[in-house]
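Read through the structure below, which is laid out as structure tokens, and then see the notes.
The values are calculated or read from the model by the stated rules, or taken from the named source; none is laboratory data. Keep in mind that what you see is a predicted model, and the values were worked out from it rather than measured. Neighbour counts run over all protein chains shown; Cβ positions are idealised from the backbone, glycine included. Note: areas computed on protein heavy atoms with side chains; ligands, DNA, RNA excluded. Shrake-Rupley method; radii C 1.70, N 1.55, O 1.52, S 1.80 Å.
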Amino acid sequence: MTGRIYKALSGFYYVDTGETVLTCRARGKFRKDGISPLVGDQVEVRELGNSEGFVERILPRQNAFTRPAVSNIDQLVVIASAAIPRTDPYLIDRVAAIAALKGCQVVVLLNKCDLDRAEDLYRIYHAAGFPTLQVSAETGEGMEILKEWISGKLSAFTGNSGVGKSSILNALDPAFHLETGAVSTALGRGRHTTRHVELHHLSCGAEVVDTPGFSSFEAEELNLELKRRLPETFVEFAPYLENCRFVGCSHTKEKGCAVLEALHRGAIQKSRHASYLRLYEELKFLRDWQGKK
């Protein structure tokens with residue numbers, strides 16, 4: 001039978017077949033092939049009885065993230081804030097570049113707007129072409145619009161610690177009782193409350209994955225493919241990439257670079273290009289052999 005993994009914990013995979021939930025182990029062949037089942041995977045399972053089974057095969061994936069370990073995501077909802085804790089735009093841009101590489105839509109959700117409207121962040125990401133929404137988990141502002149944006153889709157929610165991921169999910173559906181963490185006013189960051197990846201069904205018809213914070217998007221995703229395709233992962237660069245004077249333009253300092261000309265005209269946001277430069281510097285030392293397993 002087939003089903004989907006909705007939770008992975010301590011080597012067990014919880015598979016929803018539509019008729020039952022099976023607690024499964026993965027076949028040893030996955031380990032030999034260097035493959036791990038992920039939350040969101042459609043899988044073939046063999047039932048053993050007593051609600052237990054084995055994951056026999058992973059069906060083709062739409063996309064997959066290494067950390068957090070999720071697959072088949074329709075959109076990544078990146079939660080940010082201009083209140084405490086204040087989100088560095090580079091963190092958003094880094095995750096957005098990884099998502100673009102994997103063909104995953106990005107939604108920017110600006111929480112805590114009862115404390116700070118985050119107008120600068122709204123301007124940056126709205127201008128860059130991202131669906132961007134100002135919300136407040138505290139007052140409920142924007143929650144009905146957000147439900148429309150995620151209904152009928154599988155969305156992964158992420159953001160820096162303390163920005164309110166669990167609070168937003170609790171506000172979206174009264175059936176949620178996710179633990180929320182206090183934010184340290186001294187450090188400007190929160191305490192992680194999401195310890196594993198799990199898929200949840202919401203009453204509005206959406207499916208969501210609450211993931212650990214930005215720190216989970218670690219070096220595995222900053223790979224050779226991202227280095228090669230970095231310019232195209234910045235969606236607002238697209239109209240200009242073929243108009244540079246030189247083939248192989250890095251879009252960093254070259255004369256005749258159409259991207260830089262668009263930047264100087266204000267068609268590309270300065271903070272977005274600054275994030276591109278940071279990622280370019282971070283990735284440029286990767287060599288071909290580092291992209292091989």
Among V45, V163, V78, determine the one that fluctuates most according to a GNM of the chain built with springs between C-alpha atoms less than 10 Å apart. V45
Built amide H within the under 5 Å cut-off of R67, gap 5+: E218
Using the heavy atoms of the protein chains and a 1.4 angstrom probe, tell me the accessible area per residue for the chain in square angstrom. 50 Å²
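Per residue, how much space in cubic angstrom lies within the convex hull of the C-alpha atoms of the chain?
Numbers: hull volume 42.6 nm³, N = 293.
Measuring per residue, one finds 146 Å³ for the Cα hull of the chain.
Counting each DSSP H run of 4 or more residues in the chain as -39500 (n - 2.57), what helix-only mean residue ellipticity at 222 nm follows after dividing by all residues, to the nearest 500 deg cm²/dmol?
Numbers: 8 runs with 75 residues, N = 293.
-7500 deg cm²/dmol, from helical runs alone.
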Any idea how far apart E242 and F12 come out in nm if each label point goes 7 Å out from Cα toward Cβ? 5.4 nm
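Where nothing but the Cβ of Lys and Arg (+1) and of Asp and Glu (-1) is charged, how large is the charge dipole of the chain around its Cα centre, in debye to the nearest 20?
1180 debye
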Using Cα pairs closer than 8 Å and at least 6 residues apart in sequence, work out the relative contact order for the range 228-268, in percent. 33 percent
Give me the lysines in straight-line cross-link reach of K165: C-alpha distance below 17 Å, same-chain residues under 8 apart excluded. K112, K147
Estimated vicinal HN-Hα couplings, Hz - the range 251-257 in sequence order (Karplus 6.51, -1.76, 1.60; Gly, Pro = x): 6, 10, 7, 6, 6, x, 7
With no solvent and one equal point scatterer placed on each C-alpha of the range 35-165, evaluate the Debye formula and give log10 I(q)/I(0) for q = 0.19 Å⁻¹, two decimals. -1.04
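Given a 1.4 Å probe and every protein chain left where it sits, what share in percent of the accessible area of the chain is carbon and sulfur? Intermediate results must be reported in sequence, preceding the final value.
On the way: 7170 of 14600 Å².
With neighbouring chains kept in place, the figure for the chain is 49 percent.
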By average Cβ neighbour count within 10 Å, what is the ranking of 48-61, 256-269 from highest down? 256-269, 48-61
Candidates K255, K32, K227; GNM for the chain (alpha-carbon contacts under 10 Å) flags as most fluctuating K32
Within the set D120, D210, D41, GNM on the chain using Cα springs under 10 Å gives the largest fluctuation to D120
Cα centroid separation, the range 1-43 to the range 107-147 (Å): 35 Å
Remind me, relative contact order of the chain in percent, using alpha carbon pairs under 8 angstrom and six or more residues apart? 16 percent
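Ranked from highest to lowest mean number of other Cβ atoms within 10 Å per residue, what is the order of the peptides 17-27, 239-249, 101-111? Could you put the intermediate results ahead of the total?
On the way: 17-27: 15.5, 239-249: 12.8, 101-111: 20.9.
Top to bottom by mean Cβ count within 10 Å: 101-111, 17-27, 239-249.
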Label zone at E261 (point 7 Å along Cα-to-Cβ), backbone N below 12 Å, the range 237-252: 240-246
From largest accessible area down, sort Y276, Y13; use a 1.4 Å probe on the protein chains. Y13, Y276
Accessible area (Å², 1.4 Å probe, nearest 10) - E225: 90 Å²
Output the 0 to 90 degree angle, nearest 10, between the alpha-carbon long axis of helix 89-101 and the longest principal axis computed from the alpha carbons of the chain. 70 degrees
